[in-house]
Amino acid sequence: MAEQVLIEVEVAYALPEKQALVKVSIPEGSSALDAARASNIEAQFPGLVLDEGSRMGIFGQVVSASQTLQAGDRVELYRPLIADPKEVRKARAARAKARRESDDDGGAS
């Protein structure tokens, strides 16, 4: 029987107040989801659920949970967005424009 080759990877997850980076040894050919589950990172973050629909990446590049890993990869687990970044930028620009217009009106009196 052939000996199973293990590779080392890291699994990362962060909240604003807490971060974790866990090194794991997994069988060669394992997926990003396999590594995340092997890290047992869910135990450190109540509410974190790892499944096929989990958003994750490798070194900042979004990948599917089934992505096969290579030795040295860092699997990053992403939190769901609570606000659409484009909408946040639009709202910020609208507020800045309103401030500029009110400053302009205030100086004309």
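So the values come out like this:
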item: Looking only at segment 67-83, and only at residues there that are more than 16 Å from the chain's Cα centre (by Cα) and not in a strand (DSSP E or B), the one that is nearest to residue 50 (Cα to Cα); result: 69
item: Hits in segment 35-62 - residues which are assigned to a helix (DSSP H, G or I) and touching a residue at least 12 places away in the same chain (Cβ under 8 Å); result: 35, 36, 37, 38, 39, 41, 44
item: Any pair with Cβ under 9 angstrom, 6 or more apart, that starts in segment 6-34 at a residue that is at pLDDT 95 or above and in a loop (DSSP other than H, G, I, E, B) and ends at one that is buried (at least 19 other Cβ atoms within 10 Å of the Cβ) and among the hydrophobic types (A, V, I, L, M, F, W, C); result: 28/69; 29/69; 30/9; 30/69
item: Residue within segment 77-94 that is touching a Phe, Trp or Tyr at 6+ places or on another chain (Cβ under 7 Å) and either modelled with pLDDT under 95 or not β-branched (Val, Ile, Thr) (or both) present; result: yes
item: Among residues of segment 40-75, those that are touching a Ser or Thr at 6+ places or on another chain (Cβ under 7 Å) and aliphatic (A, V, I, L, M), counted; result: 2
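The values are calculated or read from the model by the stated rules, or taken from the named source; none is laboratory data. Since the model is a prediction, treat every value here as computed from it, not as a measurement. Note: ideal-geometry Cβ built from the backbone for every residue, glycine included; neighbour counts use all protein chains shown.
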